[in-house]
Amino acid sequence: MSTTPLITLNNGVTIPQLGFGVFQIDPDETADAVVTALDAGYRHIDTAQMYRNEAGVGEGVRRSGLPRDEVFITSKLNNDSHDPEAAAAAFERTLDALGTDHVDLFLIHWPLAMVSDFVETWHAMEEFYRSGRARSIGVSNFQPHHLRRLIDGSTVVPAVNQIEVHPYLTQAEARAFGAEHGIATEAWSPIAQGKVLDDPTVVRIAETHQRTPAQVTLRWHIQRGDIVFPKSVTAARIRENFALFDFELDDVDMAAIDALNRDERTGPDPDTFDYVP
Ligand SMILES: NC(=O)c1ccc[n+]([C@@H]2O[C@H](COP(=O)([O-])OP(=O)(O)OC[C@H]3O[C@@H](n4cnc5c(N)ncnc54)[C@H](OP(=O)(O)O)[C@@H]3O)[C@@H](O)[C@H]2O)c1
């Protein structure tokens with residue numbers, strides 16, 4: 001079985017570059033999907049309080065029989081818990097739901113700059129990190145201007161920024177900011193929830209390599225150096241999305257996919273998203 005490259009975060013913790021995302025997986029189906037992914041070789045699961053399936057992730061990891069320290073687990077603070085006291089209670093609920101005494105990475109899910117003070121929230125996250133119950137901490141959906149404010153007002157630089165990235169939204173500015181400040185980029189919706197799979201350029205490159213459009217798109221992310229965690233509830237696709245390490249895109253392929261950028265989001269804009277459940 002092939003293994004996934006590891007990325008070393010800014011605090012020395014290593015994360016498998018390819019993981020499995022569980023957004024929009026029904027809580028009752030999550031454990032089965034996680035077991036299928038772990039059987040296929042994934043060792044990194046990306047969940048969130050908002051997905052309501054952390055318990056299924058914990059169950060799936062236990063059912064796989066793998067030691068806890070062989071699976072990298074990420075979860076994220078919900079939008080209704082930015083207040084530092086609420087954040088502390090929410091973090092406890094995450095550990096309970098997962099059935100573990102630590103997460104490998106905990107993220108602020110959205111900056112919510114219009115309705116909360118994410119720097120205060122970050123100070124609570126720093127406490128989770130110092131206690132060792134979050135081996136690393138980071139943010140999600142932060143724009144460079146959010147990150148500048150966060151770094152100026154705190155001591156721990158986020159290990160990652162998890163943002164929407166795919167061939168129609170290549171995120172040059174946010175990725176460059178991350179690279180400059182030692183913040184790894186995690187690419188969410190890496191195949192744009194399927195929207196890039198019919199793109200003629202992606203299809204043509206896939207045919208050249210005798211791979212699927214999803215594999216070519218995920219391989220493009222891997223070669224750019226981002227961390228990715230495609231989601232699927234379909235066993236064959238879960239395995240397909242893991243088979244990325246026995247072929248390579250050349251510079252011409254990479255440039256052709258880069259050129260598909262349209263700055264087109266499939267999800268909300270972090271500068272205006274203010275949803276609090
Ligand atoms: N931080 C954030 O705000 C945020 C936001 C969104 C997502 N995320 C994270 O990123 C992960 C991935 O993003 P995502 O779930 O939005 O979208 P995605 O991984 O880009 O796409 C998932 C969709 O593509 C389909 N699919 C998967 N593999 C395929 C393949 N090989 N061929 C054809 N179709 C395929 C899936 O269908 P089936 O499941 O039916 O097979 C599903 O409909 C999430 O699970 C979550 O962990 C984070």
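Bear in mind that the values in this text are calculations on the coordinates, not laboratory data. Note that the structure is predicted; figures quoted are calculated from it, not measured. Here Cβ is always computed from backbone atoms with ideal geometry, including for glycine, and neighbour counts include all displayed protein chains.
Note down the relative contact order for the chain as a percent, whole number, built from C-alpha pairs under 8 angstrom at least six residues apart.
RCO, the chain: 20 percent.
When all C-alpha to C-alpha distances in region 1-129 are sorted into bins of 5 Å, what percent of pairs does each bin hold, rounded to whole numbers?
Result, from short to long distances: 2, 11, 21, 22, 19, 15, 7, 3, 1, 0 percent.
Which value results when the Cα radius of gyration for region 24-94 is divided by 2.2 N^0.38 Å? Intermediate values should be presented prior to the final figure.
Values: Rg = 12.8 Å, N = 71, 2.2 N^0.38 = 11.1 Å.
Here the Cα radius of gyration is 1.15 times the empirical estimate.
What's the Kirkwood radius of region 119-277 in Å, using all Cα pairs?
Every distinct Cα pair counted, the radius reaches 17.0 Å.
Would you mind working out the magnitude of the charge dipole of region 135-209 relative to its Cα centre, with +1 at each Lys and Arg C-beta and -1 at each Asp and Glu C-beta, to the nearest 20 Debye?
220 debye
Quick check: from the Cα gyration tensor, does region 89-144 come out rounded (a/c under 1.5), prolate or oblate?
prolate
With unit charges on the beta carbon (Lys/Arg positive, Asp/Glu negative), name the residue among Ala113, Ala90, Ser136 whose Cα is farthest towards the positive pole of the charge dipole of the chain.
Ser136
If the convex hull of the alpha-carbon atoms of the chain is projected onto planes in all directions, what is the mean projected area in square nanometres?
13.4 nm²
Among Leu18, Gly65, Phe177, pick out the residue whose Cα is farthest towards the positive end of the charge dipole of the chain, where Lys and Arg carry +1 and Asp and Glu carry -1 on C-beta, about the Cα centre.
Gly65
Going by how many other beta carbons lie within 10 Å of each one, how would you line up Met125, Met50, fewest first?
Ordered from fewest to most neighbouring Cβ atoms within 10 Å, Met125, Met50 come out as Met50, Met125.
Can you give me the convex hull volume of the Cα atoms of region 204-254, divided per residue and expressed in Å³?
Convex hull of Cα atoms, per residue: 72 Å³.
Could you state the number of Å between the C-alpha centres of region 121-148 and region 13-80?
After rounding, the separation between the Cα centres reads 20 Å.
Binned at 10 Å from 0, what are the whole-percent values of the Cα-Cα distance distribution for region 81-212, short to long?
12, 36, 29, 15, 8, 0
Would you mind ranking Ser81, Ser232 so that the residue whose beta carbon has the fewest other beta carbons within 10 Å leads the list? Working shown, then result.
Numbers: Ser81 24, Ser232 21.
Sorted ascending by nearby Cβ count, the order is Ser232, Ser81.
Show that you can apply the helix-only estimate: for the chain, add -39,500 (n - 2.57) for every DSSP H stretch of four or more residues, divide by all residues, and state [θ] at 222 nm to the nearest 500.
-11500 deg cm²/dmol, from helical runs alone.
Calculate the dipole size of the chain relative to its Cα centre from +1 charges on Lys and Arg beta carbons and -1 charges on Asp and Glu beta carbons; express the result in debye to the nearest 20.
Charge dipole, the chain, about its Cα centre: 420 debye, nearest 20.
What size of dipole, in debye to the nearest 20, comes out for region 106-177 about its Cα centre when the only charges are +1 on Lys and Arg C-beta atoms and -1 on Asp and Glu C-beta atoms?
Numbers: 6 positive and 7 negative charges, 45 e Å.
So the dipole magnitude of region 106-177 works out to roughly 220 debye.
Which of Lys76, Lys231, Lys195 comes first, and how do the rest follow, when ranked by fewest Cβ neighbours within 10 Å?
Lys195, Lys231, Lys76
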